[in-house]
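Values quoted throughout were computed directly from the atomic coordinates according to the rules given, and no laboratory measurement underlies them. Just so it is clear, the model here is predicted, and its values are computed rather than measured. Please note: Cβ atoms are built from the backbone with ideal geometry, for glycine as well, and neighbour counts cover all protein chains shown.
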Amino acid sequence: MRKYFHKFRSYWIEDFSFNTLLLILLNLLFVFPTLLEENILPSQSILYVMLFLFFIGIWSSVKTTWIFIASFLFGAQVILHLLVIQYPLHYSLHTIDKISSVLNTLAFIYINIQCLFRDDKYNYYRIVGAINVYLLFALLGAFLLDLIQHTFGSSIQGPVTLQGNTSDFISYIYFSLTSLTTVGFGDFLPANTATRSLSVFLSAVGMLFPAVVIARLVSANSKK
């Protein structure tokens, strides 16, 4: 068993694993919402993919401290999901579960940034890794919208009525992506100050991250 765990960890700390993570994120952010909307996939399937992402974070960590942090956050997330299923009307459990999702995503973003700059080696895979971090900010935005909706009773307003369940992820990720990419179609609007602040934050990240991080990696790779 230890041999298989070693192989699994070895894979996720190598640069080429960024390609696999990109494939997972592209499916999670662009394909899964369509499949969920058409009822081709069960609503809970997206939760399992997210848990798998957080599980990957444990093995992607390059520092022992973050292995323990990622392991703790992942374990807490699994336990909270099980408790939420058992006690679906418990408001506090839902709140802590949503906060846990935000913390897990933040940890995963930080771990991936560590992987990008763990040494002076720059290549195509590191550029893909930077794109992964960019997409993870969209996922973070979706989780924060879910938390805002749960806490304040409103987050975004538009042509779709939020149901208070996993199906809302479709609207959250759409608004998060349009804010991050600064597209802003205008069909969904912030419903309160918290969402407006989040939208501005995502827009700032969407403009600065490619200009600073991705551009630096591309420039470093082109000089080789």
Point to revise | Inter-label distance for residue 23 and residue 216, nm, one decimal - labels placed 7 Å from Cα along Cα-to-Cβ | key: 3.0 nm
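Treat every Asp and Glu Cβ in the chain as -1 and every Lys and Arg Cβ as +1, leave all other atoms uncharged, and give the resulting dipole magnitude about the Cα centre to the nearest 20 debye. Don't skip to the answer; put the middle values down first.
Working: 13 positive and 10 negative charges, 195 e Å.
About 940 debye.
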Check your understanding: Any idea what angle helix 45-60 forms with the longest principal axis of the chain, computed on alpha-carbon atoms, 0 to 90 degrees, nearest 10?
Key -> 30 degrees
Practice item. Please state the charge dipole magnitude for segment 1-80, taken about the Cα centre, from unit charges on C-beta atoms (+1 on K and R, -1 on D and E), reported in debye and rounded to the nearest 20. Key: 520 debye
Revision key, fill the gap. Proximal lysine pairs in the chain, meaning Cα under 29 Å and 8 or more positions apart or interchain, come to 10
**Study point:** Residue (of 202, 125, 93) at the positive-pole extreme of segment 85-224, dipole from beta-carbon charges
**Key:** 125
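Based solely on its DSSP helices, what 222 nm [θ] is calculated for the chain when runs of n ≥ 4 H residues each add -39,500 (n - 2.57) and the sum is averaged over all residues, nearest 500 deg cm²/dmol? Walk me through the numbers before you get to the answer.
Details: 10 runs with 158 residues, N = 224.
My calculation for the chain gives -23500 deg cm²/dmol from helical runs alone.
For residue 157 and residue 65, compute 0.36 nm times the residue count separating them, minus their Cα-Cα distance, and round to one decimal in nm. Please report the intermediate quantities before stating the final value.
Working: separation 92, 0.36 × 92 = 33.12 nm, distance 4.06 nm.
The residue 157-residue 65 span can extend by a further 29.1 nm.
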Check your understanding: For residue 110, what is the net charge nearby, where nearby means another residue's Cβ is under 15 Å from its Cβ and Lys, Arg count +1, Asp, Glu -1?
Key -> +2
**Study point:** Kirkwood hydrodynamic radius over Cα pairs of segment 92-178, then Stokes diffusion coefficient at 4 °C and 1.567 mPa s, in µm²/s
**Key:** 91 µm²/s
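Taking neighbour Cβ counts within 10 Å as the exposure measure, how do 126, 118 sort from fewest upward?
Numbers: 126 23, 118 13.
Ranked by crowding around the Cβ, least crowded first: 118, 126.
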Check your understanding: Which one, (i) 17.9, 54; (ii) 17.8, 57; (iii) 21.4, 74, gives Rg and Dmax of the Cα atoms in Å as derived from the coordinates shown?
Key -> (ii)
